[in-house]
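To start, the structure under review is shown below, and the notes come after it.
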Amino acid sequence: MQCIVNRRAQFLASHRYWLPELSEAENMAKFGLSAKFPGQGHNYVVFISMSGELDEYGMVLNLSDVKHIIKREATGQLDFSYLNEVWPEFQQTLPTTENIAHVIWQRLAPHLPLVRVQLLEHSQLWADYTGEGKKVALTVRSHFSAAHRLAPNLSAEKYGKCTRTHGHNYHLEVTVEGEIDPRTGMIVDLAAVNRVVEDYVLELLDHSCLNEDIPYFAESEIVPTTENIALYISNLLRSPIHDLGVNLSRVKLFESHELWVDYNIGETETSLTVATHFSAAHRLAHPNLSLEKNLEIYGKCGRVNGHGHNYHLEVTLKGEIDPRTGMVVDLGALNRVIADYVLEPFDHGFLNKDVPYFAEVVPTAENIALHITNLLRSPVEELGARLHKIKLTESPNNSCEIYCTQSDTNTVNAVKSEPVLV
């Protein structure tokens, strides 16, 4: 089974949006404050995602080696630089967030099995490049505050306080896709995207009661769950985003930092993610290898008494939205499954000693995520949904993802199907 590992890095750099063939007035009109001399700067954060099979040591790649490659080939050259001049690629095409992500991919691709480069200019704007020519995804983040309640036909005994009118600070991510302009480095006028989101979504939904004030919900039996709100927003945005010359790719809506929905345009299913955490100790060492060999392979992680992490776990399901409840799955039942199968056995334990599976299997983040995948797959199916992804974050710099395909599901015994160190 393929596993994706993510490595975080950062660099500080300045840049300026300025085309010499345009006058000062034309540059200011086109790029606004970004055209001002001598430029502006950002604390860029980049996530490099790589894919592969787990090796005999429970890893896709040695992330210490990955860290040095990223620094040598990319961030070490970009840090504290003026981007317009540091690489020749930025002299022909401006160093926009989209283009920087694209060029970092080109620099790293000969050395790493890349699947995605994600570059954050700041917390409200980032680009994703996945190696498809000049096509880049650009995401803008915003928020609105609104009230809602679950429909009166749903059981208050089962759904509790959610059947009463309550509210959330919703966080909205809108992702568009397009091709990089060979001169400006942009896929779209970013200000125009933000205006569309403001005019079509925020102005309408902010400080409203969705059940009463929004005709889409007030004049129908559609329940304003996070799933249905995300679907509604995607319908509002699709046409005006297309008019800007790019395509709406995804709408991601956070009800809280522990619950969000992804609606990918063109798909019939909706993704629901719940986030949780557990605290655990582990040691990266195989009992059949010497201390010296384990330290050679795992470094400090192989020390005899172990170490620990606050693991952040994201469980993503896919399914159809139930027309009666407006939900992909019974959220309460899902949380109980995660608590029973993962949190109870893992939290505040020493994985090598307290979880029988890891007595012989090295508890790398990759192997932990893979084991959680196999623990949850069948119980999630019994709830009427399909497990899509497990993401486990071990530290701010390192995380991994396991995607569950239909061909993986229940074809063999879950434990025997996991790659392990033998």
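The values are calculated or read from the model by the stated rules, or taken from the named source; none is laboratory data. Here the structure is a predicted model, which means the values were calculated and not measured. Don't worry about glycine lacking a Cβ; one is built from the backbone with ideal geometry, like all the others, and counts go over all protein chains shown. Surface accessibility is based on the protein's heavy atoms, side chains included, excluding ligands, DNA and RNA. Shrake-Rupley method; radii C 1.70, N 1.55, O 1.52, S 1.80 Å.
Against the criterion of solvent-accessible heavy-atom surface with a 1.4 angstrom probe, C3, C301 sort, most first, into C301, C3. Along each principal axis, taking the top coordinate minus the bottom one, the Cα set of segment 328-388 gives 35, 20, 15 Å in descending order.
Probing with 1.4 Å while keeping every protein chain in the model, the per residue accessible area of segment 76-187 equals 44 Å².
Largest accessible area first, the listed residues D262, D189, D330 line up as D189, D330, D262 when surface is computed with a 1.4 Å probe on the assembled protein chains. Backbone geometry of segment 38-47 corresponds, through the Karplus equation with coefficients 6.51, -1.76 and 1.60 at θ = phi - 60°, to 3J(HN,Hα) couplings of x, x, 9, x, 9, 8, 6, 10, 10, 10 Hz, x marking Gly and Pro.
Mind ranking 67-76, 43-52 by how tightly packed they are, going by the mean number of other C-beta atoms within 10 angstrom, highest first?
Working: 67-76: 16.7, 43-52: 18.9.
Put in order of decreasing packing, that is 43-52, 67-76.
Each residue of segment 99-114 was assigned a 3J(HN,Hα) from its phi angle through the Karplus expression (A = 6.51, B = -1.76, C = 1.60, θ = phi - 60°), giving 6, 4, 4, 4, 6, 4, 4, 4, 6, 8, 4, x, 10, 9, x, 6 Hz with x at Gly and Pro. Protein heavy-atom surface of the chain, 1.4 angstrom probe: 50% of the accessible area is carbon and sulfur, with nucleic acids and ligands not counted. Using a probe of 1.4 Å on the protein chains alone, the accessible area found for H207 is around 150 Å².
Given R0 = 41 Å, the distance between the Cβ atoms of H111 and A192 translates into a calculated FRET efficiency of 0.65.
Projecting label points 7 angstrom from Cα along Cα→Cβ for Y216 and S239 puts them 1.3 nm apart.
Given a 1.4 Å probe, how much area per residue of segment 332-406 is accessible, in Å²?
With the other protein chains kept in place, segment 332-406 gives 40 Å² per residue.
Comparing L125, H143, Q40 along the charge dipole axis of segment 33-187, the residue lying farthest to the positive side is H143, per the Cβ-charge model. Amide hydrogen proximity for D181: with H placed 1.01 Å from N in the peptide plane, the residues at 5 or more positions away or on another chain lying under 5 Å are M186, I187.
Rounded to the nearest 20 debye, the dipole size of the chain about its Cα centre is 920 debye, using +1 on the Cβ of Lys and Arg and -1 on the Cβ of Asp and Glu.
Tell me the label only: which of [x] 27, 57, 16, 1; [y] 23, 52, 24, 1; [z] 18, 32, 28, 16, 4, 2, 0 is P(r) over Cα pairs in 20 Å bins from 0, in percent as calculated from this structure? So the structure-derived entry is [y].
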